[in-house]
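See structure below.
Bear in mind that the values in this text are calculations on the coordinates, not laboratory data. As the structure is a prediction and not an experimental result, all values here were calculated from the model. Here the Cβ is made from the backbone with ideal geometry for all residues, glycine too, and neighbour counts use every protein chain on show.
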Amino acid sequence: MFDTTSPTKAARASALVREGIESGNGRISYQVIQEFFSASAKPNLCPLNAIESAVFLVQVLEPLLAVQSSVSLFASTLLHRESRKLSWYDALIVAAALEAGCSIIYSEDFQHGQQFGRLRVVNPFLQTAA
C-alpha cells in the first residue's frame, strides 16, 4: 500500500485491503501486523510516522485481525513447515490463513497458483490475478 516506487501496485494493494474491510472477508494474523511495523520502521518503505502508524493499526489492521498466536497455531505451522518445506514465517502465514477459514492468500512472495489444501495463492500484482 505504501510502495512509492510503484503507484499501480500501491493502488491494487489499497483496493484489496479496502475490499477486505468493507466485505468483512479480509483476514490477517498477528504476524502480518508485526511484519507491517517492522517494514514501517524503514522510512524508505513506509511514509507513516508513529501517530499515523497507530491510526493505521486501529482503523485498518485491527478490523482484519483474525488469528492470534496460540499453541495450536504453532503446531499447525510446524506441520506445514515440515510437509511443504516452507520457512517458519511462510508456514505461519499458511497455518493462520487455514485457521481463519481463508480460501485465498494474496501474496507476491508465494508461488502464484500454489495450493495448500483448500487454500490457493494469488499474486494480486500479476495481470492474470486481477
* To do: List every residue pair whose Cβ atoms sit under 6 Å apart, with the two residues 6 or more apart in sequence or on different chains, where the first one lies in the range 77-99 and is touching a residue at least 12 places away in the same chain (Cβ under 8 Å) and the second, anywhere, is basic (K, R) and surrounded by 14 or more Cβ atoms within 10 Å (Cβ to Cβ).
  => A91/R81
* Taking the condition surrounded by fewer than 18 Cβ atoms within 10 Å (Cβ to Cβ), in contact with a helix residue (DSSP H, G or I) (Cβ under 7 Å, 6 or more places away or on another chain) and either of a type outside the set (A, V, I, L, M, F, W, C) or free of Cβ contacts under 8 Å to residues at least 12 places away in the same chain (or both), does S103 pass? -> no
* Asked: When only residues in the range 1-14 that are in a helix (DSSP H, G or I) and closer than 18 Å to I33 by Cα count, which is farthest from the chain's Cα centre (by Cα)?
  -> A10
* Structure fact -> Checked the range 55-77 for anything farther than 17 Å from V17 by Cα and either within 19 Å of the chain's Cα centre (by Cα) or not in a helix (DSSP H, G or I) (or both); matches are Q68, S69, S70, L73, F74, S76, T77
* Asked: From the list S29, S40, S23, which residue is of a type in the set (S, T, Y), closer than 23 Å to F2 by Cα and out of contact with any helix residue (DSSP H, G or I) (no Cβ under 9 Å at 6 or more places or on another chain)?
  -> S23
* To do: Answer yes or no: is there a residue in the range 104-121 that is more than 23 Å from A15 (Cβ to Cβ) and assigned to a loop (DSSP other than H, G, I, E, B).
  => yes
* **Scope the range 102-120; condition over 14 Å from the mean Cα position of the chain (by Cα) and small (G, A, S); matching residues** => G113, G117
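Residues are listed down the side, and each one gets a yes or a no for (1) surrounded by 11 or more Cβ atoms within 10 Å (Cβ to Cβ); (2) of a type in the set (F, W, Y); (3) within 26 Å of S103 (Cβ to Cβ):
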| position | (1), (2), (3) |
| --- | --- |
| G24 | no, no, yes |
| Q31 | yes, no, yes |
| Q34 | yes, no, yes |
| S40 | yes, no, no |
| V60 | yes, no, yes |
| V67 | yes, no, yes |
